[in-house]
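The structure appears right after this line, and notes come after that.
The values are calculated or read from the model by the stated rules, or taken from the named source; none is laboratory data. None of the values given here were measured: they were computed from a predicted structure. Every residue, glycine among them, receives a Cβ derived from its backbone with ideal geometry; neighbour counts consider all protein chains shown.
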Amino acid sequence: MPQIPPAQIGAAFDEIATPALVIDLAAFERNLDTMADQARRLGVRLRPHGKTHKSPLIAANQIARGAVGICCQKVSEAEIFVAAGIADVLISNEVVGVAKVQRVASLARHAKIGVCADNAEAVQALAAAADKAGTVIEVLVEIDVGAGRCGVVPGPPAVALAQEIARHRSLRFAGLQSYYGTAQHRRSPQERCDAIARAADLTTETVHLLEEAGLPCRTIAGAGTGTYPLEAKSGVWNEIQPGSYIFMDADYAKNEPSPEAPAFEHALFVIATVMSLSADRAIVDAGHKALSNDSGFPAVFGRPEVPYSRPSDEHGTLSILGSSWRPNLGEKVLLIPGHCDPTVNLYDWYVGIRNLGSADAHVEALWPVAARGAVA
């Protein structure tokens, strides 16, 4: 059962119950506009990743700015987006299991649905379910271009899988999913450039072999927030799938900036309250249950000299020794999540703040995290 919102529309910043997930609306809107402009300038389709925000309202904002649709990772996410009126959804992941495949086939009655595949057995199951449902599913062959996760081997194995897709009347071969996830967080621009150059070679080889087999790729998809300019400028990819750009997190901030990419702003925070004070530390009410620490601890916004450490279930420690900042008991603190996606999945509500950082900071929007917990 969703929790009641941690604030009311119009409430002052200090009235928000903590911990809460807050969006700096001005920074968020600038991030949306920047990526939309980038996609237009680079001449590629933008299909943002909904797994980051899990919000049909945010997806609608992205589509209103020119995105062709969204992608997500799970069938349950896709169901929530489609139910909210999102008409073009790619599940940029493999779907395995009778029940899940049947749900995908049924979902295709209500929207344009795509999935990824890296196995002929999975393709056959998709075809059988779509035949039974009387629907057509678009299928991208996912190739492994270096991440070592899902994906068939590029080249001839990928062609053979595309041929298997093409022989089913209830499936439509849509192209390739060529996403190098781990390249997004390689710290130097050169490391990211080298990784995507290798991925481009593997993808180009596969595209040529598919064309020779009479299977042109309508879509060559991939790319994330850390590398999308490289894919877009390569002449290989024609659809990009960045997700974190709308929020940015502390881990992305560790990347060295790329000269070819504009800067995106931190727009997502967990607001916490100082609940205990000592000479050397401030304890806040945001621990493991409020923040995902898989990519490192959060950063204190505006206070780079103050590290967050030693989280427990409900507490986090801010080390204030050596800092000129001495917070007051009850003071609100903005924490930049180490990893935005799993942190979002901990909350029922976004609290949208207008004029964050000013005396007039107030709650302008309350958006449900509609696909929270949709992991099946």
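What the table shows:
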| item | result |
| --- | --- |
| Residue check for L277: modelled with pLDDT under 95 and more than 26 Å from I58 (Cα to Cα) | no |
| Check on D341, touching a residue at least 60 places away in the same chain (Cβ under 8 Å), among the acidic types (D, E) and crowded, with 20+ Cβ neighbours inside 10 Å | yes |
| Of the criteria (1) assigned to a helix (DSSP H, G or I); (2) without any contact (Cβ under 8 Å) to a residue 60 or more places away in the chain, which one K100 fails | (2) |
| Residue within region 35-57 that is assigned to a loop (DSSP other than H, G, I, E, B) and over 16 Å from the mean Cα position of the chain (by Cα) present | yes |
| All positions within region 234-253 that are loosely packed, with under 15 Cβ neighbours inside 10 Å and farther than 30 Å from V22 by Cβ | G235 |
| Qualifying positions in region 73-90 - of a type in the set (D, E, K, R), closer than 13 Å to R109 by Cα and surrounded by 19 or more Cβ atoms within 10 Å (Cβ to Cβ) | E79 |
| Any hit, region 1-13, residues being not hydrophobic (A, V, I, L, M, F, W, C) and not in a loop (DSSP other than H, G, I, E, B) | no |
| Extreme residue, farthest from S244 (Cα to Cα), among residues of region 186-200 that are surrounded by fewer than 19 Cβ atoms within 10 Å (Cβ to Cβ) and either of a type in the set (D, E) or in contact with a Gly (Cβ under 9 Å, 6 or more places away or on another chain) (or both) | R198 |
| Residues within region 162-185 that are touching a strand residue (DSSP E or B) at 6+ places or on another chain (Cβ under 8 Å), crowded, with 18+ Cβ neighbours inside 10 Å and closer than 21 Å to E239 by Cα, tallied | 11 |
| Members of region 290-307 that are more than 15 Å from V344 (Cα to Cα) and charged (D, E, K, R) | R303, E305 |
| Test result for E256, assigned to a helix (DSSP H, G or I) and surrounded by fewer than 20 Cβ atoms within 10 Å (Cβ to Cβ) | no |
| Residue check, I220 touching a His at 6+ places or on another chain (Cβ under 7 Å) and among the β-branched types (V, I, T) | no |
| Spans of strands (runs of 3 or more DSSP E) in region 261-337 with at least 1 residues among the charged types (D, E, K, R) | 281-284, 332-336 |
| Selection from region 204-263 of residues that are free of Cβ contacts under 8 Å to residues at least 12 places away in the same chain and either under 24 Å from Q62 (Cβ atoms) or of a type in the set (D, E) (or both) | E211, E212, A263 |
| Residue within region 133-151 that is crowded, with 16+ Cβ neighbours inside 10 Å and assigned to a helix (DSSP H, G or I) present | yes |
| Odd one out for Y347, checked against (1) part of a strand (DSSP E or B); (2) buried (at least 20 other Cβ atoms within 10 Å of the Cβ) | (1) |
| Region 357-376, subset farther than 19 Å from C340 by Cα and touching a Phe, Trp or Tyr at 6+ places or on another chain (Cβ under 7 Å), residue surrounded by the fewest Cβ atoms within 10 Å (Cβ to Cβ) | A361 |
| Criterion (closer than 30 Å to L321 by Cα and in contact (Cβ under 8 Å) with a residue 60 or more places away in the chain) met by exactly one of L277, L268 | L268 |
